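Single-structure report; data block below.
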Amino acid sequence: MVHRLTVGALLVCSTAALAHGPTPQKAQESIHIDAPPAEVWQIVGDVSALADWQPALSAVHPSKNHDGIADETGAERVLVFADGGGEITESVDEYDPERRYMGYRLLREDPSVFPVSFYTATIEVKVADGGSEVVWKARFYRGDTGNFPEEGQTDEAAQAAIHGFFRNGLEALKTRVEGG
């Protein structure tokens, strides 16, 4: 009897160990741009202009915050993706033009368009080597937060989506600013 209970308990524990919800993920991408930080921030800091340099997007629809200004803490923006036109909504939580820093988060998700269920992100333009360094960071969860995520909604899919979005955006930003 003791032997059966031990084997049963091991089976239950091993199954539970294999099934777990999502774990927080992190991503960071950066790029050097041969231009002064103020020039780079003029583009990066425009909340409504992300689609002008992010190839994954076809449009950005900004909302005005309580003061009627889009480039400020409290602003929201709807990102429209180029492939299929799906949308997600972000909220600007911190906007500091003197520091050339913006922090924002996902408000309304669509994991079928972008396979994450939540993220907070920052983008900052720093002085570096006679030009600028743009650093884009995020903390996020996969699109399917259940114990057994669907294909395309896993931690790996979320990592690939975030890193690709950041990397492709930064490369396009560099090309735009440097005129290449």
Q.
Taking the conditions exactly as written (touching a Phe, Trp or Tyr at 6+ places or on another chain (Cβ under 6 Å), among the acidic types (D, E) and open to solvent by less than 20 Å² (accessible area, probe 1.4 Å)), does E72 satisfy them or not?
A. no
**Q.** Those residues of the range 142-159 which are part of a loop (DSSP other than H, G, I, E, B), buried (at least 17 other Cβ atoms within 10 Å of the Cβ) and of a type in the set (S, T, N, Q), in sequence order
**A.** Q153, T154
Q) Of these, V134, V177, V80, V125, which one is farther than 19 Å from A27 by Cα, touching a strand residue (DSSP E or B) at 6+ places or on another chain (Cβ under 9 Å) and surrounded by 20 or more Cβ atoms within 10 Å (Cβ to Cβ)? A) V177
Q. Just wondering, is there one or more residues in the range 66-86 that are acidic (D, E) and at pLDDT 95 or above?
A. no
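The values are calculated or read from the model by the stated rules, or taken from the named source; none is laboratory data. Just so you know, these numbers come straight off a predicted model, no measurement behind them. Every residue, glycine as well, gets a Cβ built from its backbone with ideal geometry; the counts of neighbours run over all protein chains shown. The protein model used for the area step is the full one, side chains on, heavy atoms only, and it has no ligands, DNA or RNA in it. Shrake-Rupley method; radii C 1.70, N 1.55, O 1.52, S 1.80 Å.
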